1. Between B:Pro220, B:Pro113, B:Pro39, which gets the highest mean-square fluctuation from a Gaussian network model of chain B, Cα cutoff 10 Å?
2. Please list B:Ile224, B:Ile100, A:Ile65, B:Ile180 from largest to smallest accessible area, probe radius 1.4 Å, with all protein chains kept in place.
3. Here are some pairs, B:Lys60/B:Lys217; A:Lys59/B:Lys115; A:Lys35/A:Lys61; B:Lys60/B:Lys133; A:Lys66/B:Lys69; B:Lys90/B:Lys201; which of them have Cα atoms lying more than 21 Å apart in this structure?
4. On the full set of protein chains, 1.4 Å probe, figure out the accessible area of B:Trp183 and give it in Å² to the nearest 10.
5. Using the Cα gyration tensor of chain B, with a ≥ b ≥ c the square roots of its eigenvalues, what is the shape: rounded (a/c below 1.5), prolate (a/b larger than b/c) or oblate (neither)?
6. Keeping all protein chains in place and using 1.4 angstrom, which order do A:Leu102, B:Leu157 fall into by accessible surface area, from largest down?
7. Sum up the charges of everything whose Cβ sits under 9 Å from the Cβ of A:Leu41, counting Lys and Arg as +1 and Asp and Glu as -1, but leave A:Leu41 out.
8. Quick one: how many Å² of B:Arg103 are accessible to a 1.4 Å probe, rounded to 10?
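The values are calculated or read from the model by the stated rules, or taken from the named source; none is laboratory data. Note that the structure is a prediction, hence the values are computed from the model and not measured. Positions of Cβ are generated from backbone atoms using ideal geometry, with glycine treated the same way; all protein chains shown enter the neighbour counts. In case anyone asks, the SASA skips ligands and DNA or RNA and just uses the protein heavy atoms, side chains included. Shrake-Rupley method; radii C 1.70, N 1.55, O 1.52, S 1.80 Å.
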Amino acid sequence: MVKLFPLLFFVSISFGFEKDQEAPCNGEKIQKVAKKGLRSLKISEIPSYLVELKNCKDKAKVKTIKNSANEKQLEDDAENNKSFVGRTSGCAYCIMALIVYLVFV
Amino acid sequence: MNHRLQSLTPFIFWFMLLSASLFAQPKLSFHLGGGFYSPTLGMLDPDSNNVIPSLSAFSKNMLIDWGFKYQFYPNARIGYARSNSYHSGKVGDSGFLRTISYRMLTFETFYYPRKRMELNFMLAPMYNKGTVKLTAESSSGDWDTLLGSYGNSSVKLSTPGEMTKRWFGLASMIGFRYYIFSWLAVDGKAGFIQNSYSEKKWKLEKEKIDGPTMNIKKLPVFNIHLVLGW
C-alpha cells in the first residue's frame, strides 16, 4: 500500500490541473509555449498543455498553435546550436580523426 | 530497521529520479531502431560449425537498438545505448539462443548546420556481453518418483544453461538527424565498433571455458533510429 503513494502522487500532479473554461485556447501553458517554446514546459506540465489544446474547440486554431509552437522550437534549436566551437567541436574533430584512421588502417 | 531501509533504497532512488524528470526541464531523448553490420562469427556460424542452427540475415547482420540520452550542455549529450544481436534455433532437442549485446555509455556532441538538420559525433566506451544459452527438456527419475508418489505422471523439466563472456570496446560514429517535429526525429549513424574480444575465459556455471572464435575486432556499423525527445 505504501508503495502506491508515489504513484498516486505523480498521477495527481500530472493530471491535477485546473481547466481554464473562459479562454480554453489561450491557457497558461499555451501562452508559455507561444512565448518560450515547447521545451520551456516541464514534463509534469505537458499533460496540462495537451488538455488545454483538447479543450480548445476551434480545431483550426489548435492546428495553428501546434504548428507555430513546433516551428518556433525548431528555429530556437537551430539558432542555439548553430555554432560549434570550443571543447564540443574539439571532441567532434577527434571522433572524425578516429573514424578516418579506422577506415584506412 | 536496517532491512527496511535497504528495501526502501531503490524506491527512494526511483522517486528522486522521477521527481527530477518531472519538475526540472530535462532534455531527454529516447531512441529505438536498428543497425546493420557484418561480423565474422567464427564458430557461432553454421558455415563453420555444423552444430549451430541455421542463421538468417537478421540474426547475422541486424542489430536492434535502443537507448536514452540527456543533453547536459548546449552542444553535448550523454546517455546509454544498447545494440543487440539475436540468433535462436535448435541444437538437437534443446533450444539455442545466442545474444550479443553491445552496451555503450555514449558521449555525443552536435550542431545544426540548418534548421531541422543536425550533425552529431558520438564516442562511446562499451562493456559488451555475449551469451549462449541452451535449454534442454528432459524428465528426471527422482522427480518422477516423487511426483508418482502423489499420483502424478512424468513431467518434462526444462534445464537452462548459459555461457557468458564480457569484454570492453569503443564505438565511434558520425550521424545525421532530421527533425520531423521538435520532439520527433530520424537519426542515421555510421561508424565503427572496436572490440577487445577473446575466445578465452567464457564462463559456464563458474567454470572457465573456451568460446567461439569471433572476429569482431573492428566492425563498420550503420544505424537508423527513431528519436523521441523533449
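1. B:Pro113
2. Numbers: B:Ile224 105, B:Ile100 0, A:Ile65 25, B:Ile180 65 Å².
My answer, sorted largest first, is B:Ile224, B:Ile180, A:Ile65, B:Ile100.
3. Flagged as over cut-off: A:Lys59/B:Lys115; A:Lys66/B:Lys69; B:Lys90/B:Lys201.
4. Only protein atoms counted, so the area is about 100 Å².
5. Working: a/c = 2.42, a/b = 1.48, b/c = 1.63.
Here chain B falls in the oblate category.
6. Accessible-area ranking of A:Leu102, B:Leu157, largest first: B:Leu157, A:Leu102.
7. +4
8. For B:Arg103, solvent-accessible area is about 40 Å².
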